[in-house]
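As structure tokens, the structure follows; a few thoughts come after it.
The values are calculated or read from the model by the stated rules, or taken from the named source; none is laboratory data. What you see is a predicted model; the values in this text were computed from it and never measured. Positions of Cβ are backbone-derived with ideal geometry, glycine not excepted, and every protein chain shown enters the neighbour counts.
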Amino acid sequence: MTAVLSARGWTGSTFRSLRTRNYRLFATGQVVSNTGTWMQRIAQDWLVLSLTNSPTAVGITTALQFLPMLMFGLWGGVLADRYPKRRLLIATQSCMGLLAAALAVLTLTGTVRVGHVYLIAFLLGLATVVDNPTRQSFVTEMVGESDLRNAVSLNAAIFQAARLVGPAVAGVLINAVGAGWAFGVNALSYVGVLTGLLLMRPAELYPSPRVARARGQLREGLRYIAGRRELVWPIVLVGFVGTFGYNWPIILSAFAKDVFHHGAGTYGVFNTLMAVGSLAGALLAARRTTTRLRMLLAAAAGFGVLEVVAALTPWFWLFCPLLLVIGLLGLTFNTTANTTVQLACSPEMRGRVMGVYMLVFTGGTPIGGPLIGWVTETYGARDGLAVGGAVAALAAATVAAILAFARHDGTPVSIRSAVGTLTGRRA
């Protein structure tokens, strides 16, 4: 795994962030922890489906996990700007590990009920409210702004590499000994990320300016975003795509069980295929040195269109490779939007900006999750996937049309030039 290799002699631009010791420690911990997280995701979805036989219940579980982000996500960004990010991450990651251990004990003792899963999903969501914006904005403190784009892409690559291993191991464990062991392994995996955080050298970080506690900081962050079109358009697009296009726990479990009539192993294979495509997309993104709005729009549109195509295909052998390309485009869209937003904001506002970003990206799941779950249960998995893809493609087309209408000359459609044309200024 590249995250644990020494950076000495490393010349490839794709992995240049690994030259930084603190980031190598962080990346190593993320490899271990994300593998466990993916195991828990697969096991949790399958456990709920086994307990209830309802795709809607899977959607409710997902919604409960992301509901706290919808309710409190903006305040998580305020805390990320106000307190030391490394200490916040140690606290949030510890809470997540304890919750995974509790779910493991309930499942292994045979006392788990769907209500327990709902409660733990909600509590995980509360920890995520602070963890997400803190972890996203902490990347800059580890590598500096010069390597931010590369580090964000490598984070995504690490996440997807873990996704290759986690679902496969989870499928084996579920079939062999049950979901409880997957939850137990995830609980232990948090030791890796906590160890990496504790071993970091604070003197080698690039700390963002701490924002003293004061009234109106949340409103200040919202005004800051509203006044910058280079932040508004990516965040708007992320909201639509994240809410309706990323409901994979609902869609893939239903496709495995109800469309192709397979078991947990196939569900794991589906997730693995998407991870392969996403990993390829992340590594390609890590090599890029610029961010263009054209790429963001194209990736969102292609992602949505291919979801519709996958929903319509009747063949298992065609559905599988489509997942590869969907994963690649989805990850390209995600990393492009993330780096665009982070590079466009000032350091002292980054926590609040990423709080809003994560709010619209994951906070919309309590809306999109139950809705797509209801469509899936009522009309079928194919319709659920088609609706999500159509919304993502329509959102991309709408934003592209707005920007095209606003542009009056032949300037390349980069983030900066789009801002200039929309505000009447030259980039």
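Structure notes:
- Pro314 fulfils the conditions (1) closer than 30 Å to Leu218 by Cα; (2) not in a helix (DSSP H, G or I) except for a single criterion, (1).
- Apart from one condition, Leu283 fits all of (1) within 21 Å of Ala162 (Cβ to Cβ); (2) at pLDDT 80 or above; (3) over 15 Å from the mean Cα position of the chain (by Cα); the exception is (2).
- Test for Gly364: is it crowded, with 19+ Cβ neighbours inside 10 Å, modelled with pLDDT of 75 or more and touching a helix residue (DSSP H, G or I) at 6+ places or on another chain (Cβ under 7 Å): no
Let's see how each residue does on (1) hydrophobic (A, V, I, L, M, F, W, C); (2) out of contact with any Leu (no Cβ under 7 Å at 6 or more places or on another chain); (3) assigned to a helix (DSSP H, G or I); (4) closer than 20 Å to Ser54 by Cα:
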site	(1), (2), (3), (4)
Leu231	yes, yes, yes, no
Pro234	no, no, yes, no
Thr243	no, yes, yes, no
Ala254	yes, yes, yes, yes
His261	no, yes, no, yes
Val269	yes, yes, yes, no
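- Residue count for the range 20-61 satisfying the condition of being basic (Lys, Arg) and either crowded, with 22+ Cβ neighbours inside 10 Å or touching a residue at least 40 places away in the same chain (Cβ under 8 Å) (or both): 2.
- Pairs meeting the criteria (first residue in the range 242-269 and modelled with pLDDT of 80 or more, second residue outside any helix (DSSP H, G or I), beta carbons under 6 Å, at least 6 apart or on different chains) are Gly242/Gly364; Thr243/Gly364; Ala256/His262.
Every residue, every condition in (1) hydrophobic (A, V, I, L, M, F, W, C); (2) more than 22 Å from Leu67 (Cα to Cα), yes or no:
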| residue | (1), (2) |
| --- | --- |
| Gly171 | no, yes |
| Ile174 | yes, yes |
| Ala187 | yes, yes |
| Leu194 | yes, yes |
| Asn247 | no, no |
| Ile251 | yes, no |
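- Any hit, the range 318-335, residues being of a type in the set (Gly, Ala, Ser), surrounded by fewer than 24 Cβ atoms within 10 Å (Cβ to Cβ) and out of contact with any Phe, Trp or Tyr (no Cβ under 6 Å at 6 or more places or on another chain): no
- Thr92 vs. criteria of a type in the set (Val, Ile, Thr) and over 21 Å from Ser253 (Cα atoms): yes
- Residue check, Arg149 in a helix (DSSP H, G or I), touching a Lys or Arg at 6+ places or on another chain (Cβ under 8 Å) and either of a type outside the set (Lys, Arg) or surrounded by 20 or more Cβ atoms within 10 Å (Cβ to Cβ) (or both): yes
- Condition broken by Gly388, with the remaining ones in (1) over 29 Å from Asn150 (Cα atoms); (2) more than 17 Å from the chain's Cα centre (by Cα); (3) of a type outside the set (S, T, N, Q) satisfied: (2)
- Every condition in (1) over 16 Å from Gln40 (Cα atoms); (2) surrounded by fewer than 20 Cβ atoms within 10 Å (Cβ to Cβ); (3) under 23 Å from the mean Cα position of the chain (by Cα) is met by Gly115 except one, and the failing one is (3).
- Filter pass, Leu5 being hydrophobic (A, V, I, L, M, F, W, C), surrounded by fewer than 24 Cβ atoms within 10 Å (Cβ to Cβ) and at pLDDT below 85: yes
- For the range 159-175, a residue qualifies if it is among the aliphatic types (A, V, I, L, M), farther than 17 Å from Asp45 by Cβ and modelled with pLDDT under 75, and exactly one does: Leu164.
- Subset of the range 343-398 [touching a Phe, Trp or Tyr at 6+ places or on another chain (Cβ under 7 Å) and either of a type in the set (Phe, Trp, Tyr) or not in a helix (DSSP H, G or I) (or both)]: Gly363
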